[in-house]
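Visitor: The structure is given below, and queries will be raised subsequently.
The values are calculated or read from the model by the stated rules, or taken from the named source; none is laboratory data. Source: prediction; values computed, not measured. Cβ: placed from backbone, ideal geometry, glycine included. Neighbour counts: every protein chain shown.
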Amino acid sequence: MFRALGLSFQEVGIALLGEHTEHYRQLRTFAAWLAVAAAGGMGLIVYTPLATVWFQEISGLSPELTQFTLLPARILVWIPAGSVWISFQRSVLVHGRDTRAITRASALEVLGVVTVLAVTVQTLSWVGAVGAATAIVIGRLIGTLSLIAPVARVTRRAPRPDLVRTPSSTTIG
C-alpha cells in the first residue's frame with residue numbers, strides 16, 4: 001500500500017521535470033517529503049498498536065503470526081521511502097535518456113538481495129522472513145546508491161533554463 005506511492009511517482013517525475021529539467025529541485029523536494037510520508041505511514045502502523053489492528057483484524061493473521069510478522073515489517077519500513085527515491089532517480093535518468101544506469105542499478109540490486117539473503121539464511125541461520133526483509137532493504141539501498149553518480153551527471157549536463165538563449169532573448173530593441 002505505501003510502496004504504491006513510489007511506484008507511481010516515476011511517471012509523474014518524467015512528466016513534470018520540464019524540458020530542461022528546470023523543475024528538478026521542486027520535484028526532488030516533493031519526492032523527499034513523499035518518501036518521509038510513505039515510510040512514516042508504514043512506521044505508524046508497524047511500530048504502534050495499530051500493528052495488531054492491521055495484521056489481526058484487517059489481514060486476519062493469528063496473534064502468533066502477527067508477532068512473527070512484526071520484525072520483518074519493521075525492517076521493511078524503509079522500502080516505501082526507497083521506492084519513492086529510486087523512482088525519482090529513474091525519472092531523471094529516463095528524462096535524460098540514460099537508461100543504462102537503471103539497468104545496472106537493477107542488476108546490482110538483485111545481486112545484493114541474493115547475496116544478503118544467502119548470507120543471512122545460510123551462513124547466519126536467520127529466519128527466512130527476517131533475512132529476506134534485510135536483503136530487500138540492503139538490495140534497494142545498493143540500487144539507489146548506485147544511481148547517485150548517473151543522476152548527478154544527467155543534471156549537470158542539462159541546460160539551465162536561465163542560460164538558454166532563445167531568439168526573443170537575444171533581440172535588441
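Visitor: Based on this model, can you work out whether TRP33 counts as among the aromatic types (Phe, Trp, Tyr), in contact (Cβ under 8 Å) with a residue 40 or more places away in the chain, within 30 Å of VAL151 (Cα to Cα) and part of a helix (DSSP H, G or I)?
Guide: Numbers: among the aromatic types (Phe, Trp, Tyr): yes; in contact (Cβ under 8 Å) with a residue 40 or more places away in the chain: no; within 30 Å of VAL151 (Cα to Cα): yes; part of a helix (DSSP H, G or I): yes.
Spelling it out, it is not the case that TRP33 is among the aromatic types (Phe, Trp, Tyr), in contact (Cβ under 8 Å) with a residue 40 or more places away in the chain, within 30 Å of VAL151 (Cα to Cα) and part of a helix (DSSP H, G or I).
Visitor: Here is a follow-up. For region 53-70, state whether one or more residues are under 30 Å from HIS23 (Cα atoms) and either out of contact with any Asp or Glu (no Cβ under 9 Å at 6 or more places or on another chain) or aliphatic (A, V, I, L, M) (or both).
Guide: no
Visitor: When region 1-38 is examined, which residues are found to be among the aliphatic types (A, V, I, L, M) and over 20 Å from TRP78 (Cβ atoms)?
Guide: Those that are among the aliphatic types (A, V, I, L, M) and over 20 Å from TRP78 (Cβ atoms): VAL12, ILE14, ALA15, LEU16, LEU17, LEU27.
Visitor: Working carefully through the options VAL119, VAL110, VAL154, VAL114, find the one that is over 12 Å from the mean Cα position of the chain (by Cα), in a helix (DSSP H, G or I) and modelled with pLDDT under 95.
Guide: VAL154
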